[in-house]
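Below: the structure, in structure tokens.
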């Protein structure tokens, strides 16, 4: 059986990013690899860090300049409460991240995140198409999502 996990290429800061992610999501650092002699970076500096969050493994690699992260790959986080949404959003944006739109943000390393309340899926799939449309239209006007406002929009308030 193959072991498959996301491999994230950072220009630099892979260790700081991985530590932030395991902090935010109560994960753990599994292992670190260092550059050896003759590598693209000084011997002994961090090459990659293998970490786990929410039972999934990831690898963050300090590979130097290459392709920047973009919207074609994002980390999607579903949350149940506004408090959880606010905590995760604020932690991921801290130190230079940027809010985008509709629950999306870029963290300080450029990784794209979607922080979405589980109720949004329910509202957007409501059997009443008008209610679903109102919730969707409200979401499209938001940057960080607001559960109370989404429910109110769905209800026509």
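Among 113, 35, 89, the largest mean-square fluctuation in a Gaussian network model of the chain (Cα springs under 10 Å) belongs to 35. The GNM of the chain, with springs linking C-alpha atoms under 10 angstrom apart, assigns the highest mean-square fluctuation among 47, 120, 140 to 140.
For the chain, modelled as a GNM whose springs connect Cα atoms under 10 angstrom apart, the maximal fluctuation among 60, 91, 68 occurs at 68. A straight line joining the Cα centroids of segment 110-157 and segment 18-56 runs 35 Å. Seen against the Cα atoms of the chain and their longest principal axis, helix 129-140 is set at about 40 degrees. Of all DSSP beta bridges in the chain, what percent run antiparallel (nearest 5)? Here the antiparallel bridges make up roughly 65 percent for the chain. Taking 7 Å steps out from each Cα toward its Cβ at residue 121 and residue 90 produces label points 2.7 nm apart. Counting only alpha carbon atoms, the long axis of helix 14-24 and the longest principal axis of the chain meet at about 40°. When a/c is below 1.5 the answer is rounded, else prolate if a/b is larger than b/c, else oblate, so apply that to segment 28-73 with a ≥ b ≥ c taken from the square roots of the Cα gyration tensor eigenvalues. Since a/c reaches 1.5 but b/c is at least a/b, the shape of segment 28-73 is classed as oblate. Extension gain, residue 149-residue 137: 0.36 nm per intervening residue step, less the Cα-Cα distance, totals 3.2 nm. Against the main long axis of the alpha-carbon atoms of the chain, helix 82-93 sits at an angle near 40°. Relative contact order of the chain, taken over Cα pairs closer than 8 Å and 6 or more residues apart, is 18 percent. I need the shape label for segment 94-157. Rule: rounded when a/c is under 1.5, else prolate if a/b > b/c, else oblate, with a, b, c from the alpha carbon gyration tensor. Because a/c hits 1.5 or more and a/b exceeds b/c, segment 94-157 counts as prolate. The distance between label points at residue 56 and residue 102 comes to 1.9 nm (points 7 Å beyond Cα on the Cα→Cβ vector).
Using 1/(1 + (r/R0)^6) with R0 = 25 angstrom and r between the beta carbons of residue 80 and residue 31, what's the FRET efficiency to the nearest 0.05? Approximately 0.20, to the nearest 0.05.
Values in this text are rule-based calculations from the coordinates and carry no lab data. Keep in mind it's a predicted model, so treat the numbers as computed, not measured. When we count neighbours, we look across all protein chains shown, and the Cβ atoms used for this are built from the backbone with ideal geometry, even at glycine.
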